[in-house]
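Visitor: Just dropping this structure here.
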């Protein structure tokens, strides 16, 4: 039996190729960027936040966001994705840097190791996640919210 992600992925890929849907998603990302700029959290470019298991968190995103990343940045090589799943990290992390910085999901955009930013990160994430949900509803795009690496694995097949 197919998972909800496998059933919806064609709709997500079609949606992110649609100018108004992609534009609405990019607007949410721009809102996040402005809030981050105003707060100026510390980022040490250590790459620790991209190893989800070691950082003690998991990254969740919508299927639409995963399709956006996959469409703009391409799919990670299967062996890289499998290795990231085993090691607890992100398949797009290259050394200590994000290989999909311009197209990464909201959760990646808002997570900083800087402990002083945790409260506003959470509040902003909650607000913008509601905006993401409303975007799905407005454009009648199937909504699935799932763990990033597992969702990528389902979307690239195998």
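Where a number appears in this text, it was derived from the coordinates with a stated rule and is not lab data. These numbers were taken from a predicted model, which means no experiment stands behind them. Positions of Cβ are generated from backbone atoms using ideal geometry, with glycine treated the same way; all protein chains shown enter the neighbour counts.
Visitor: When the helices in the chain are scored as -39500 (n - 2.57) per DSSP H run of 4 or longer and the sum is shared across all residues, what 222 nm value do you end up with, to the nearest 500 deg cm²/dmol?
Guide: The helix contribution divided over the chain gives -18500 deg cm²/dmol.
Visitor: Right, here's the next one. Using only alpha carbon pairs under 8 Å that are at least six residues apart, calculate the relative contact order of the chain and give it in whole percent.
Guide: Rounded, it is 38 percent for the chain.
Visitor: Counting other C-beta atoms within 10 Å, which of 136, 122 has the fewest, and how do the rest follow? Could the numbers behind the result be given before it?
Guide: Numbers: 136 21, 122 11.
Final ranking by Cβ density, sparse to dense: 122, 136.
Visitor: With N denoting the number of residues in the range 4-156, provide Rg(C-alpha) divided by 2.2 N^0.38 Å, to two decimal places.
Guide: 0.99
Visitor: Does the range 80-139 come out rounded, prolate or oblate by the C-alpha gyration tensor, with a ≥ b ≥ c the root eigenvalues, rounded set by a/c under 1.5 and, if not, prolate when a/b is larger than b/c and oblate if not?
Guide: Oblate, since a/c reaches 1.5 and b/c is not below a/b.
Visitor: Taking the Cα centre of each part, how many Å lie between the range 1-34 and the range 136-158?
Guide: 9
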